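A short worksheet on the structure shown next.
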Amino acid sequence: MKPIRWPVIKQMDHASLDEIANAITARLDAIAEENGITIEYEVTSGQGDQTVLRQLSDQAIADGVDAIIPIATTAAQVAAVSAEESKTPVIFAAISYPETVELTGMDYVTGTSDALDTNQILDMMFTQNPDIGSVGLLYSLSEPNSEVPIADAKAYLDAKGVAYTEATANTNDEVIAAASSLIADGVDAVFTPTDNIIMPPSWPSMRTSSPPASPLHRGRLLRAQRRLCHLRRQLHRPGCRNGRSGLPGHDRGHGRPGGLLPGGGRPDHRQL
């Protein structure tokens, strides 16, 4: 039987996106085993570069794959354009508002939304500390997934009569500077949406580099963020990866039928 080929294209190398890719490939392995079929997949990273993403998507189409699984907004937008003529199915993940980024209404494009309930997240923040008097809104202007939750957060805080300060960033260094500016402004908490630029890589460096006396070091500003990260981690079951030379961020795996290992583990069919 001809193998089914479903390449997975990450927008960038990023902890959250890596977890999603691992969960997807683990499920592809399971589907292959359950149905006695062979699913070949390749995990690649566009490194946040639209040109690289287009090359990866165009190559997948030229190779005649059965479907493309892009992870995150730009990767999905690029894949949809590449597949427009061939109508190769595009199944996206990690996009909060597909309609906002015009990924709906195409019969060859589908996927899942990871939109969070902003009001619920802010409710958690105020449940933890009802005395919060000011909130920092930290997000990236280049991340479409941030538009709706930031607007919702502003509406929530306006209705509650709580002041807020906005800070934006597009690189790790800018995130650190923006977070520092919010601390200097004396905010009591920081809200960030599901923003690939803002979270999660930059926050550990802030926790490490902050002086001991800072509110951020004591964790007051990060409690809501930690909870949000925790919620996101619960959505995905990490798998395993083996590096392989080739394109930047390139992994390769082949899902094939196979039995469970002793103790319930699943055999690793990835080839180096």
Report summary line: Taking only the alpha carbons of segment 62-105, the radius of gyration and the largest Cα-Cα distance, Dmax, both in angstrom, are 10.0, 30
Report task. Please report the base-10 log of the normalised intensity I(q)/I(0) for segment 90-165, using a Debye sum with one equal scatterer per alpha carbon and no solvent, at each q in 0.12, 0.21, 0.28 (1/Å). Result -> -0.43, -0.94, -1.34
Query - Rounded accessible area of MET125 (nearest 10 Å², 1.4 Å probe) - result: 10 Å²
Query - P(r) weight above 26 Å for segment 1-152, C-alpha pairs, percent - result: 33 percent
Query raised in the report: What order do you get for 68-75, 49-56 when each peptide is scored by the mean count of other beta carbon atoms within 10 Å, highest first?
Result: 68-75, 49-56
Report summary line: At the level of C-alpha centres, the distance separating segment 66-92 and segment 99-139, in angstrom, is 24 Å
Query raised in the report: How do GLU40, GLU102 rank by accessible surface area computed with a 1.4 Å probe, from largest to smallest?
Result: GLU102, GLU40
**Report entry** segment 136-177, accessible area per residue, ligands and nucleic acids excluded (1.4 Å, Å²)
**Finding:** 47 Å²
Query raised in the report: Of all the accessible heavy-atom surface of segment 1-112, with the other protein chains kept in place and a 1.4 Å probe, what percent is carbon and sulfur?
Result: 47 percent
Query raised in the report: Quick one: what Rg and Dmax do you get for segment 132-204 from the alpha carbons, in Å?
Result: 11.5, 33
Report summary line: Expressed in µm² per second, the diffusion coefficient of segment 20-103 from the Stokes-Einstein equation, with Rh the Kirkwood radius over alpha carbon pairs, at 10 °C and 1.306 mPa s, is 118 µm²/s
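The values are calculated or read from the model by the stated rules, or taken from the named source; none is laboratory data. Values in this document were obtained by computation on a predicted structure and should not be read as measured data. A quick note on method: Cβ atoms are made from the backbone with ideal geometry, for glycine too, and the neighbour counts reach across all protein chains shown. The area values use the complete protein model at the heavy-atom level, side chains included, leaving out ligands, DNA and RNA. Shrake-Rupley method; radii C 1.70, N 1.55, O 1.52, S 1.80 Å.
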